[in-house]
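The values are calculated or read from the model by the stated rules, or taken from the named source; none is laboratory data. A quick note: this is a predicted structure, and the numbers were derived from the prediction, not measured. So basically every Cβ, Gly included, is an ideal-geometry build from the backbone, and we count neighbours across all protein chains shown. For accessibility, only protein heavy atoms count, side chains too; no ligands or nucleic acids. Shrake-Rupley method; radii C 1.70, N 1.55, O 1.52, S 1.80 Å.
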Amino acid sequence: MKDAIEFKVSARFALFTDPITKIGGEKSTYHLPTYEALKGIAKSVYWKPTFVWVIDRVRVVRRIRTQSKSMKPLEYGGGNTLAIYTYLADVEYQVAAHFKWNPFREDLQEDRDTDKHWHVAQRMVEKGGRQDVFLGARECQGYVEPCVFGEGTGHYDDAGELAYGLMFHGFDYPDETGTNELHSRFWKPVMTDGIVTFPRPEDCTVRRFVREMIPNPPSSVGLQEEGLLK
C-alpha cells in the first residue's frame, strides 16, 4: 500500500513503561514495546500534522533480556536521588505501520497527498529518520533501518503464543480525537511466534480519563500561506 512503511529499530537499551511509573522512583520495563512508543519512533522517522501514524504490527527479533542499572534521577524538590531502573537489553524489532489523514486538521486538506508523504517517509526510513530515535526513554537511543517485515530469523519464530496482562497501549490526544480531554488506553497483548498485532486505538475498550487538555495547534494552509514562497 502507498501509505505503509516497514522498518527495523535496534538499540542497546529500551524502557517501555506504564506512564504511572514515570512519576518517579524505581522503573521497570514491559517486555514488549508499547503502541505509543512505536508511534513516537514512526513520528521521529517522519511526521506532519496532516496525518496520524497507525502501528499495525511489531516483531520481536532478538531474545527478551533485562538489565538493571543504578540511576541518579533528579527530584522534583531539587537535588538527586538513587533508583534502580530495569531496562530491556540488546533489542531489535521490525515494525509495520501506515498513516491516515487527521480529520481534525481540515486546514491541511490540501496537503493530503498520499504519494508525496509515502515517498518522503520511505526516504526518511532509508536515512534513519529525521530526528533522534528513542525507545521509551531519552537515555535509550535507537537506530532505524529499512527492512521487510517478517524477513530473517527471529528468536521467537516458533515460540507459539505468549499472553500478557493489562498493558498500556497509548494516549488519546485531543488533536487526534476532537475532544478536549486526554485519555490513556490499555489492552491485553498476545505475542504469536514473536509478532504482536496491535488493535486500532478506537478498538481499545479500557480507557482512563487523565485530564482536560485544550488543543491549540497553529493553523496552516501549507504552501499557499501568504509570504511563504516570497
Mean separation of Cα contacts under 8 Å (at least 6 apart) over the residue count of region 1-148, i.e. the relative contact order in percent, is 41 percent
About its Cα centre, region 80-136 carries a charge dipole, from +1 on Lys and Arg Cβ atoms and -1 on Asp and Glu Cβ atoms, whose size in debye to the nearest 20 is 40 debye
Heavy-atom accessible area per residue of region 13-88, all protein chains kept, 1.4 Å probe, expressed in Å², is 46 Å²
Expressed in angstrom and rounded, the centroid-to-centroid distance over alpha carbons for region 38-52 and region 94-141 is 4 Å
Set Lys39/Lys188; Lys69/Lys188; Lys69/Lys127, cut-off 21 Å on Cα-Cα distance; pairs above it are Lys69/Lys188; Lys69/Lys127
Karplus-derived 3J(HN,Hα) from phi for region 25-42 (6.51 cos²θ - 1.76 cosθ + 1.60, θ = phi - 60°), whole Hz, x at Gly and Pro, runs x, 6, 10, 9, 7, 5, 7, 10, x, 7, 4, 5, 5, 5, 5, x, 5, 4
For Lys8, the aspartates and glutamates lying under 16 Å Cα to Cα, once residues fewer than eight places off in the same chain are dropped, come out as Asp56, Asp90, Glu92, Glu126, Asp132, Glu145, Glu151
Everything considered on the Cα gyration tensor (a ≥ b ≥ c; rounded for a/c under 1.5, else prolate if a/b is larger than b/c, else oblate), region 95-230 must be described as oblate
Scalar couplings 3J(HN,Hα) for region 92-104 by Karplus 6.51 cos²θ - 1.76 cosθ + 1.60 (θ = phi - 60°), nearest whole Hz, x for Gly and Pro, are 8, 10, 10, 10, 10, 9, 9, 10, 9, 5, 7, x, 9
Of the residues Asn216, Phe51, Tyr156, the Cα lying farthest along the dipole of the chain towards its positive end, which is defined by charges on the beta carbon of Lys, Arg, Asp and Glu, belongs to Tyr156
Here the Kirkwood hydrodynamic radius of region 53-100, Cα-based and in Å, equals 13.8 Å
Ranking Arg105, Arg211 from most to least accessible area with a 1.4 Å probe gives Arg211, Arg105
Residue-normalised 222 nm signal for the chain, counting each DSSP H run of n ≥ 4 as -39,500 (n - 2.57), nearest 500 deg cm²/dmol, is -3500 deg cm²/dmol
Of the accessible area of the chain, computed with a 1.4 Å probe and all protein chains kept, carbon and sulfur make up a percent value of 50 percent
Taking every alpha carbon pair in the chain and sorting the distances into 5 angstrom bins from 0 up to the bin holding the longest one, the percent per bin comes out as 1, 6, 12, 16, 18, 17, 13, 8, 5, 2, 1, 0
Averaged per residue, the 1.4 Å probe accessible area of region 93-177, protein heavy atoms only, in Å², is roughly 56 Å²
Loop-resident GluC sites (Glu not before Pro) in region 109-199 with no more than 11 other Cβ atoms inside 10 Å, DSSP not H/G/I/E/B, are Glu151
